[in-house]
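Report on the following structure.
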Amino acid sequence: MVKNSLGRLVPTEVNGRSVRPFMGAHVDAGGGMRYGGRIPAASRYGNKLLADLDAAIDACEIRDGMVLSFHHHLRNGDFLVNLVIDKLAARGLRDLVLAPSALFPTHGKLAEYIESGVISHIEGSMNGPIGRACSLGKMKKTAILRSHGGRYRAIQDGDLHIDVAFIAAPCADSHGNANGVNGPSACGPLGFALADSLFADKVVVVTDHLVDFPCHPWSIEGGNVDYVVQIDSIGDPSQIVSGTTQITRSPTRLLIAEYAARLVKESGIMTEPHFSFQAGAGGVSLAFVKYMSDLMREAGVVADFVRGGSTKYMVEMLENGLARYILDGQSFDLDGVRSLRDNPCHIETNPFVSYDYHTKGCFAQILKVSVLGATEIDLDYNVNVNTHSDGWLLHGIGGFTDAADAGVTMITAPLVRSRLPIVLDRVTTVTAPGEMIDVVVTEHGVAVNPLRQDLIDRLKRSTLPLKTIEELRDIAARLSGVPEKPQFTDRVVAVIEFRDGTLIDAVRELVPTE
């Protein structure tokens, strides 16, 4: 174990691979080396269409210990992960490594396969029951959590070698061209599967809507696909909904959203040239988009672009002329899917162009403002989005550390959640370093990172309730008391990989109190 630049003890080797400690958000200026696998000859490929999933599993010659990947655009409506793993378990396979872009509560049954040894460990985001199994030390090897951009980088650089990629495609042709905007399971973009299609040894497109060649537009190109399988249903697109699709009615959360929008206006960022922002789903984020829309309309401001996950409120900005483009990595509701399909100014993106640190530039750096949530923030502005204050690993990273590269990154959160303080001395787990976090917005006040003196100067005439982060910590402690710290063993069950491939923190096995 070694201390990284944040003082966190992290391993120097994970599952037999040497790893480096985090040294700073932008210290890595060396980039990476693009991984190169074998390229087959086109003459080998005639009819790619196979009878069923079993035929695809046979054709890919899946064996014990292989790395299998999936994407999460169908989110909690995905059927494919469970279908494939059920079949592999029935064949008696063991020690499989799952490398999904994310898992959701619908994949909770995988916990049984982790306990029985079918699945060795996860390299990807885990939300809910699989994260809980990880916290309890159920995985044979160490789980690795990466951001969306970090996952693309890891695949591209060869840190994560995928043997077989299964791509759930709402629409595809027999050559393997595929998109996510047509068909009964349309879920929007498919960009999270792009790296898998480019770098996996074998690529299987699984669809429930097979169309004549050519399937167009094509998010996944048939030239990267080995096999195509048609099944009855790949998922339920109504379950792509993230968090809530309704603006919060909570006065507390509405106040947080209002403060965040006013900060963008009162700092002068809103009226700067090339204004843009990113906000996700959830009641506060949706309310922020609504408040921003109102302020922009009053000021006659049109954003160069807004960044999804797309929601109906973002779509309304585009359709009402408040934004020139939506740049969309995933749809959080069906209005987003419809807009991506029908509006040429709603543009599908992937982690290479939006978030990947080992590129010739990604547009996370172009974003003016990013609005993100958190489970904990500490006095150094370090942010935790993975574990709760009780120690459970319950969330993936998503695009957090990538989007935090924006010009101004704001954390919006209630100061106390479920009787636990959100601002405290030291976070349980560091997901993003404080140097990337510029503002913390709560209902009790707004704290600006002292590293951003320029922003503090801009807000000197602001009417916002500006406070120090220490003042917010003290208010939180008065409201909730100081909670007991969770207890952990020394065993590292997961590592938090920063977007450049270094380790920013480690998660240890939890000693449950429940």
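Pairs please, first residue from segment 337-359 and over 28 Å from residue 158 (Cα atoms), second anywhere and open to solvent by 40 Å² or more (accessible area, probe 1.4 Å), Cβ atoms under 6 Å, 6+ apart in sequence or on different chains.
345/325; 347/325
(1) part of a strand (DSSP E or B); (2) more than 19 Å from residue 377 (Cα to Cα): which one isn't true of residue 462, the others all being true?
Failing condition for residue 462: (1).
I need the full set of residues from segment 75-107 which are assigned to a loop (DSSP other than H, G, I, E, B) and closer than 15 Å to residue 124 by Cβ, in order please.
Answer for segment 75-107, where residues must be assigned to a loop (DSSP other than H, G, I, E, B) and closer than 15 Å to residue 124 by Cβ: 101, 104.
If you take the residues in segment 272-287 that are in a helix (DSSP H, G or I) and hydrophobic (A, V, I, L, M, F, W, C), which one is farthest from residue 316 (Cα to Cα)?
Within segment 272-287, the match that is farthest from residue 316 (Cα to Cα) is 284.
Among the residues of segment 406-429, write down those that are in contact (Cβ under 8 Å) with a residue 60 or more places away in the chain, closer than 27 Å to residue 122 by Cβ and open to solvent by 10 Å² or more (accessible area, probe 1.4 Å).
420
Could you list all residues from segment 1-54 that are under 30 Å from residue 206 (Cα atoms), basic (Lys, Arg) and open to solvent by less than 90 Å² (accessible area, probe 1.4 Å)?
Scanning segment 1-54 gives a single hit, 48.
Taking the residues in segment 350-391 that are of a type in the set (Ser, Thr, Tyr) and outside any helix (DSSP H, G or I) as candidates, determine which candidate is farthest from residue 308 (Cα to Cα).
Top of the filtered list is 389.
Name the residue, out of 450, 512, that is at pLDDT below 95, over 25 Å from residue 289 (Cβ atoms) and over 24 Å from the mean Cα position of the chain (by Cα).
512
Of the conditions (1) open to solvent by 10 Å² or more (accessible area, probe 1.4 Å); (2) part of a loop (DSSP other than H, G, I, E, B); (3) more than 22 Å from residue 49 (Cβ to Cβ), residue 183 satisfies every one except a single condition; which number is it?
Only one criterion is unmet by residue 183, namely (3).
Find the residue count for segment 360-370, including only residues that are touching a helix residue (DSSP H, G or I) at 6+ places or on another chain (Cβ under 7 Å) and free of Cβ contacts under 8 Å to residues at least 60 places away in the same chain.
1
Report whether or not residue 196 is open to solvent by 50 Å² or more (accessible area, probe 1.4 Å) and among the charged types (D, E, K, R).
When the stated conditions are applied, residue 196 does not pass them.
From the list 103, 74, 98, 83, exactly one residue is open to solvent by 50 Å² or more (accessible area, probe 1.4 Å), within 27 Å of residue 329 (Cβ to Cβ) and touching a helix residue (DSSP H, G or I) at 6+ places or on another chain (Cβ under 8 Å). Which is it?
83
Does residue 359 satisfy being open to solvent by less than 10 Å² (accessible area, probe 1.4 Å) and over 18 Å from residue 469 (Cα atoms)?
no
Out of everything in segment 316-334 that is at pLDDT 95 or above and in a helix (DSSP H, G or I), what residue ends up being least open to solvent (accessible area, probe 1.4 Å)?
Result: 317.
So, of the residues in segment 459-514 that are open to solvent by 70 Å² or more (accessible area, probe 1.4 Å) and of a type outside the set (D, E, K, R), which turns out to be nearest to residue 143 (Cα to Cα)?
For segment 459-514, the residue satisfying everything is 488.
Being at negative phi and either at pLDDT below 95 or open to solvent by less than 10 Å² (accessible area, probe 1.4 Å) (or both) is the filter here; which residues of segment 376-391 pass it?
Answer for segment 376-391, where residues must be at negative phi and either at pLDDT below 95 or open to solvent by less than 10 Å² (accessible area, probe 1.4 Å) (or both): 376, 377, 378, 383, 384, 386, 387, 388, 389, 390.
When you check residue 242 against the structure, is it surrounded by 19 or more Cβ atoms within 10 Å (Cβ to Cβ), of a type in the set (S, T, N, Q), modelled with pLDDT of 95 or more and closer than 30 Å to residue 415 by Cβ, yes or no?
No: the conditions fail for residue 242.
Would you check which residues across segment 39-71 are assigned to a loop (DSSP other than H, G, I, E, B) and at pLDDT below 95 and list them?
39, 40, 41, 45, 46, 47 - these are the residues of segment 39-71 that are assigned to a loop (DSSP other than H, G, I, E, B) and at pLDDT below 95.
Among the candidates 455, 451, which residue alone is open to solvent by less than 40 Å² (accessible area, probe 1.4 Å) and either assigned to a loop (DSSP other than H, G, I, E, B) or hydrophobic (A, V, I, L, M, F, W, C) (or both)?
The conditions single out 455.
What are the residues in segment 406-424 that are in a loop (DSSP other than H, G, I, E, B) and either more than 26 Å from the chain's Cα centre (by Cα) or under 16 Å from residue 269 (Cβ atoms) (or both), if any?
Once the filter is applied, which keeps residues that are in a loop (DSSP other than H, G, I, E, B) and either more than 26 Å from the chain's Cα centre (by Cα) or under 16 Å from residue 269 (Cβ atoms) (or both), segment 406-424 yields 406, 407, 419.
Restricting to segment 189-224, name every residue that is part of a loop (DSSP other than H, G, I, E, B) and within 16 Å of residue 70 (Cβ to Cβ).
Residues satisfying the conditions are 189, 190, 200, 201, 208, 219.
The values are calculated or read from the model by the stated rules, or taken from the named source; none is laboratory data. Computed from a predicted structure; not experimentally measured. Note: ideal-geometry Cβ built from the backbone for every residue, glycine included; neighbour counts use all protein chains shown. These area figures cover heavy atoms from the full protein model, side chains too; ligands, DNA and RNA do not enter into them. Shrake-Rupley method; radii C 1.70, N 1.55, O 1.52, S 1.80 Å.
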